[in-house]
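The values are calculated or read from the model by the stated rules, or taken from the named source; none is laboratory data. For clarity, every value in this text was computed on a predicted model and none was experimentally measured. Glycine gets a Cβ as well: all are built from the backbone with ideal geometry, and neighbour counts include every protein chain shown. Ligands, DNA and RNA are stripped out before the accessible areas are found, and what is left, the full protein with its side chains, is counted by its heavy atoms. Shrake-Rupley method; radii C 1.70, N 1.55, O 1.52, S 1.80 Å.
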Amino acid sequence: MRSLIDIVDFTLEEVDELIATACDIHQNPQKYADACKGKKLATLFFEPSTRTRLSFEAAMYELGGNVIGFSEASSSSASKGESVADTAKVISCYADIIAMRHPLEGAPLVASRNATVPVINAGDGGHLHPTQTLTDLLTIYREKGRLTDLTIGFCGDLKYGRTVHSLISALSRYHNIKVVLISPKELAIPEYVKSDVMDLNEMHYFETDSLDEALPELDILYMTRIQRERFDDLETYERLKDSYILTCEKMQEAKGDMCILHPLPRVNEISVAIDSDPRACYFKQVLNGKLIRMALILKLLGETDKVESRDEGLEHSEFCCANPRCITSVEQELVPKFRSVELKERVYRCIFCEKDAVLKEEK
Ligand code: NCD
């Protein structure tokens, strides 16, 4: 059974195949109109969503399939205390494939280990969002004609922006990608993304807090909103929320063919006047999201006999995960598991949220 929890669950060739299928679906939608006839997608959304949930639903309908699900945790049995593992087992009896969004990091991975149908991570806390990444890759490919030799600026909330983490991971596998990380210090990219993804893959990257300085160099500007719901204290959010606002005036400094991407929702980090600039690609991105999710559903439903090859992790009884947003911190019956990463020294990461393992007595 294949699932998509992290973008690197797919090889580069598989990502390229998905992009090719999405382009074919765009050209020949009729060819796919009955491809999922008789199949059901369950959308389990424990966190708010407009695009991701509705694009999954639209995708399944356009493939001739059906959709069941819920869009709020409060309308599911999670509000009665049901574990993610039990929910996954139950939904497997009703649906052929699951798309899950959850505020706890690692929840879709737990679901995939307990479901008997493929599980798609539709966003887990501030961790990962691989289907937005597929959307972003398809958009870059359709706009630029390539996924190599690009300078990409990520701007805004790089700490909690899960779409940023997944896209950097995906881009680390393409040739000659330069990344400029533009954020206030408090919202800098997590250390593990730097060490385990960018350093390990010898990616060329540069950190700055100045959008003005970075802008003229960029082929792609990936704007993000400051993720209000993930802040522990709202004062910090209020102080940082308007750190970057892209205006028409600033856009005069950008390349004539630069593309602006944004996973949306936009709060006020891109002025509405930019929407009519041909470089604004964020609404085209929305259409691409539906196309690539159609390709993804087709792929996963066509590969239910294949075996997953992700690192299962190991139990280390002396360690625990110190991240309060990790599923293992909340669902106490889960057995924490860790994998080791060889950096300058060997470090251990929680397999559910990728944060550092700590000794139990230090927690
Ligand atoms: C993103 C998300 O949910 O992480 N939205 C989306 O899925 N298109 C970005 C965000 O919420 O800021």
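Some points to look at:
- Of the listed requirements (1) more than 15 Å from the ligand (Cβ to nearest atom); (2) open to solvent by less than 70 Å² (accessible area, probe 1.4 Å); (3) touching a residue at least 40 places away in the same chain (Cβ under 8 Å), Y141 misses just one: (2).
- In the set (1) in contact with a Phe, Trp or Tyr (Cβ under 6 Å, 6 or more places away or on another chain); (2) under 30 Å from P216 (Cα atoms); (3) at pLDDT below 95, N268 fails one condition alone, (1).
- Close pairs (6 angstrom Cβ cut-off, 6 or more residues apart or separate chains): closer than 26 Å to E333 by Cα in the stretch 58-85, part of a strand (DSSP E or B) and open to solvent by 20 Å² or more (accessible area, probe 1.4 Å) anywhere: S76/F70
- Scope the stretch 174-208; condition part of a loop (DSSP other than H, G, I, E, B) and more than 16 Å from the chain's Cα centre (by Cα); matching residues: Y174, H175, N176, S183, P184, A188, L200, N201, E202, M203
- If you filter the stretch 29-48 down to residues that are closer than 16 Å to L296 by Cβ and of a type in the set (G, A, S), you find that the one that is nearest to the ligand (Cβ to nearest atom) is A42.
- Test: residue in the stretch 234-241 that is surrounded by 14 or more Cβ atoms within 10 Å (Cβ to Cβ) and within 13 Å of the ligand (Cβ to nearest atom): yes
- None of D305, D311 is away from the ligand (no atom under 16 Å from the Cβ), under 20 Å from the mean Cα position of the chain (by Cα) and open to solvent by 10 Å² or more (accessible area, probe 1.4 Å) except D311.
- Residues satisfying the stated conditions in the stretch 267-302, i.e. β-branched (V, I, T), buried (at least 17 other Cβ atoms within 10 Å of the Cβ) and more than 16 Å from the ligand (Cβ to nearest atom): I274, I297
- Listing of strands (runs of 3 or more DSSP E) fully contained in the stretch 1-114 that carry 2 or more residues being buried (at least 21 other Cβ atoms within 10 Å of the Cβ): 40-45, 97-102
- The stretch 115-126, subset aliphatic (A, V, I, L, M) and in contact with a Ser or Thr (Cβ under 6 Å, 6 or more places away or on another chain), residue surrounded by the most Cβ atoms within 10 Å (Cβ to Cβ): V119
- Scanning the stretch 192-233 for residues that are away from the ligand (no atom under 16 Å from the Cβ) and closer than 21 Å to L264 by Cα gives L211, L215, L218, D219, I220.
- Condition check for L134: part of a helix (DSSP H, G or I) and within 29 Å of L287 (Cβ to Cβ): yes
- Among the residues making up the stretch 148-173, those that are assigned to a strand (DSSP E or B) and either surrounded by fewer than 21 Cβ atoms within 10 Å (Cβ to Cβ) or within 13 Å of the chain's Cα centre (by Cα) (or both) are L150, T151.
- The single condition among (1) polar (S, T, N, Q); (2) more than 28 Å from R325 (Cβ to Cβ); (3) free of Cβ contacts under 8 Å to residues at least 40 places away in the same chain that N288 does not meet is (3).
- Qualifying residue in the stretch 146-168 (condition: farther than 26 Å from P278 by Cα and more than 14 Å from the ligand (Cβ to nearest atom)): no
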